[in-house]
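Take a look at the structure set out below.
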């Protein structure tokens, strides 16, 4: 049992655990949690004086479910009626989204703010500061994804071209827009061919090394991309979307996925059945499987009832038309975010690529954690890591979601007592 000063110990039995590139199963396969962290139960056994000291406070039967790290969504504009780019967004709104994301297996997220004017960033960024997740607070907020306004007008997509800028003065240009403190920024999408972009990226990464720069909304050549990668770019934002098409004499951004002497970036994939054709998803994955990162690019209408989702909404300054399957800028056929859920995208991705269950899960957990530089504590189920995990069936449907070892959501809707689902 828990000793003096220790939190209660939770033991999860009868499960199959995604760990180290495979599914670990069979007798003795267990997950132990204490103080919100995964612990080594063998070490606990050897250090215990007797069985009562070794025994867990709570034992949960996983009923042969797959236990995977909690999903991480690094590009989400909003959901469940909340847009992160709206100046009126509140801290309560953000927590509401975080709680709702639990039903989709998402235990960590990076709210995305689209191209805006400085006053909007001044209003919304203080509401999007990182915080630790819990059953009451919802998913962990890891930082902000700033998608624009330093993007190319030729590939503005759903962003307002009137407010786009060039980072001509390096990091100073970024601070003029976002403010001087960039420490809460997790990802910054930038068109790296813009005047001053490479210099801005290199200077900012030196001052704020935790920011991951992503190439997006861009007409960059493959040569531009390689220079950017040398300067510190590590990702491509929503691959195939808001960029030039692949050409055999100018592969452009898509060509950076090919093996070679350069470092190959991570890349986001929207698998909502609309943004990216199944064949394109499969081609990208087969080319660079260890770089694929599943994202939703969801907007405020995601998770809302059809009647509510079709009501007037917007992304940044752009009014939108929302259907049950896609979102476009009003009066156009230009896609503007998604209404797809994260777990739905995971199931599509596995179907599109014919990859294994573990390979699909890695694209939702390990790879985004590696991009953000946090794979020492999230995205994996190693000893000492945060006990954020999901229970899945063999079809990758979410059964239960845990934050710091506490049950935060259950598909059974059965009563929860002291963080444990009271199964029938």
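The values are calculated or read from the model by the stated rules, or taken from the named source; none is laboratory data. Given the structure is predicted, the values throughout are model-derived calculations rather than measurements. Ideal geometry is used to build each Cβ from the backbone, glycine not excepted, and the neighbour counts take in all protein chains shown.
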Filter region 341-355 down to residues that are part of a helix (DSSP H, G or I) and either within 22 Å of residue 214 (Cα to Cα) or in contact (Cβ under 8 Å) with a residue 60 or more places away in the chain (or both), then give me how many there are.
10
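Residues are listed down the side, and each one gets a yes or a no for (1) at pLDDT 95 or above; (2) in a strand (DSSP E or B); (3) more than 24 Å from residue 359 (Cα to Cα); (4) more than 24 Å from the chain's Cα centre (by Cα):
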residue: 15; (1), (2), (3), (4): yes, yes, no, yes
residue: 27; (1), (2), (3), (4): no, no, no, yes
residue: 33; (1), (2), (3), (4): yes, yes, yes, no
residue: 38; (1), (2), (3), (4): yes, yes, no, no
residue: 42; (1), (2), (3), (4): no, no, yes, yes
residue: 46; (1), (2), (3), (4): no, no, yes, yes
residue: 49; (1), (2), (3), (4): no, no, yes, yes
Which one is farthest from residue 397 (Cα to Cα), of the residues in region 367-380 that are in a loop (DSSP other than H, G, I, E, B) and in contact (Cβ under 8 Å) with a residue 24 or more places away in the chain?
373
Scanning for something part of a strand (DSSP E or B), surrounded by fewer than 17 Cβ atoms within 10 Å (Cβ to Cβ), outside the structural domain of residue 34 (by the TED database) and without any contact (Cβ under 8 Å) to a residue 60 or more places away in the chain, does region 356-366 turn up at least one residue?
no
Looking across region 340-355 at residues that are over 18 Å from residue 389 (Cβ atoms), crowded, with 22+ Cβ neighbours inside 10 Å and under 16 Å from the mean Cα position of the chain (by Cα), the single one that is modelled with the lowest pLDDT is 340
Given (1) buried (at least 21 other Cβ atoms within 10 Å of the Cβ); (2) farther than 19 Å from residue 142 by Cα, residue 222 misses just (1)
If a residue counts only when it is at pLDDT below 95, which strands (runs of 3 or more DSSP E) contained entirely in region 267-332 have at least 3 such residues?
313-315, 318-322, 327-329
Taking residue 256 as the residue in question, decide whether it is surrounded by 24 or more Cβ atoms within 10 Å (Cβ to Cβ) and in the same structural domain as residue 366 (by the TED database).
yes
Taking into account only those residues within region 270-285 that are closer than 17 Å to residue 302 by Cα and touching a strand residue (DSSP E or B) at 6+ places or on another chain (Cβ under 8 Å), which is surrounded by the fewest Cβ atoms within 10 Å (Cβ to Cβ)?
274
